[in-house]
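First up is the structure itself, then whatever we jot down about it.
Any read-out appearing in this document is the output of simple, stated calculations on the displayed coordinates, not a laboratory observation. Owing to the predicted nature of the structure, the values given are computational and were not obtained by experimental measurement. Positions of Cβ are backbone-derived with ideal geometry, glycine not excepted, and every protein chain shown enters the neighbour counts.
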Amino acid sequence: MEKRCEHQLQLENRNCWHLNNCVINGLQRRQILIDYIHHNIFFGLILCCSIVYLGFIVQANAQNIIDNSEKIDYTHYKTTVNGILLHYVMGGKGDPIVLLHGWPQTWYEWRNIIPKLIANNYTIIAPDMRGLGDSEKTQTGYDTKTLAEDIYQLVTKLGYSKINIVAHDWGGPIAYSYAAEHPEDVDKMIILDTLLPGFGLDEAGDFSPNGLWHLSFHAVRDLPEKLIDGKEDIYLNWFYD
């Protein structure tokens, strides 16, 4: 369904066991980090891993395998939410878990974790966030509040009022925004491998060649696309070499 760099796939395969155990153990042991007090003010404990009906639908069945024998089904969908066409993967039965990928990943980041979560009796919703994967690429709407609203409208459209969230990397600030805006709608939240505003993100800003220079680079309108066009493999592999 999507073209992916060889180095990215190698990195994801190396991290698969790590992510899987973090998510499964966090959910089973209830090491989930969200607490609320009056007036919808919440304090997120971010310490997992490195620090902490439908509209228009296009679907295709897919299968993964657990223990080389048991097949777990999930389905690809596309639907319109918040004015854009959003692609997501969904499967399983039970309490809903929304999986928010990082950058430059897509839902595919979770491909080896989804079957295990389904086997543990969860409903999995793994979207491609706006601008990534098979979701619509818009000119605007990449602030965390808008991206969180995309996910909120998707969850609402699917008929869920309360969810669990597991977010990695860039998905972390979006999960944070989602929970801040809709605290009563989040049961549990796990955030992996990222920093958040008020929890070290501002202090961690490093625009040296080995730092977080790409955040500001990507924020410049149109220039990154012009410079990277035709050299995507070189650019993305730099982050993994």
Original post:
Which cross-chain or sequence-distant (5 or more) residues have an amide H under 5 Å from the amide H of LEU100, H modelled 1.01 Å from N in plane?
Top reply: VAL166, ALA167, HIS168
Subject >> Sequence-distant lysines (8 or more away, or on other chains) whose Cα lies within less than 28 Å of LYS188 >> reply: LYS71, LYS78, LYS93, LYS116, LYS145, LYS157, LYS162
**OP:** Could you check the simple spin-label distance between LYS162 and ASP229, using points 7 Å along Cα→Cβ, in nm with one decimal?
**Re:** 5.0 nm
Original post:
Hey, rough spin-label estimate for ALA119 and THR75, points 7 angstrom out along Cα→Cβ, what's it come to in nanometres?
Top reply: 2.3 nm
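If r is the Cβ-Cβ distance from ASN237 to LEU215 and R0 is 25 Å, what FRET efficiency results, to the nearest 0.05?
On the way: r = 19 Å, r/R0 = 0.75.
So, using R0 = 25 Å, E works out to roughly 0.85.
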Original post:
ASP95's amide H: which non-local residues (gap 5+, or another chain) put their own amide H closer than 5 Å, with H modeled 1.01 Å from N in plane and none for Pro or chain starts?
Top reply: THR123
Subject >> Rg/Rh ratio calculated on Cα atoms of the stretch 118-194 (Kirkwood radius) >> reply: 0.95
